[in-house]
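Undergrad: Here you go, one structure.
No value in this document is a laboratory result; all are computed from the given coordinates. Just so it is clear, the structure is predicted and the values come from calculations on it, not from any experiment. Cβ placement follows ideal geometry from the backbone for every residue including glycine, while neighbour counts extend to all protein chains displayed.
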Amino acid sequence: MGKHTQHLLDWVQFCPHCGGSLEDPRNLVNEFSLADSSICFWWCYSCGAKGEIAEIQRVTAPELVEG
Ligand SMILES: [Zn+2]
């Protein structure tokens, strides 16, 4: 729950395959959290492409030690 959620959605405003806008409600953009990552699944209505974009918190903060 945080600012990174909105940031992640900014990455998938457009289909990487055909460049169409994913803001069309016929497309599917679904974000969920898995462990300490945010994953955004998207499916493009226009061209049928689909994929996932993951933001991994550990990569952006390598100095942090967990535990
Ligand atoms: Zn597309």
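Undergrad: Limited to the range 26-58, what total is found for residues that are more than 10 Å from V12 (Cα to Cα) and touching a helix residue (DSSP H, G or I) at 6+ places or on another chain (Cβ under 8 Å)?
TA: 6
Undergrad: State the number of residues belonging to the range 15-41 that are near the ligand (Cβ under 9 Å from one of its atoms) and either touching a residue at least 40 places away in the same chain (Cβ under 8 Å) or under 22 Å from I56 (Cβ atoms) (or both).
TA: Of the residues in that region, 2 qualify.
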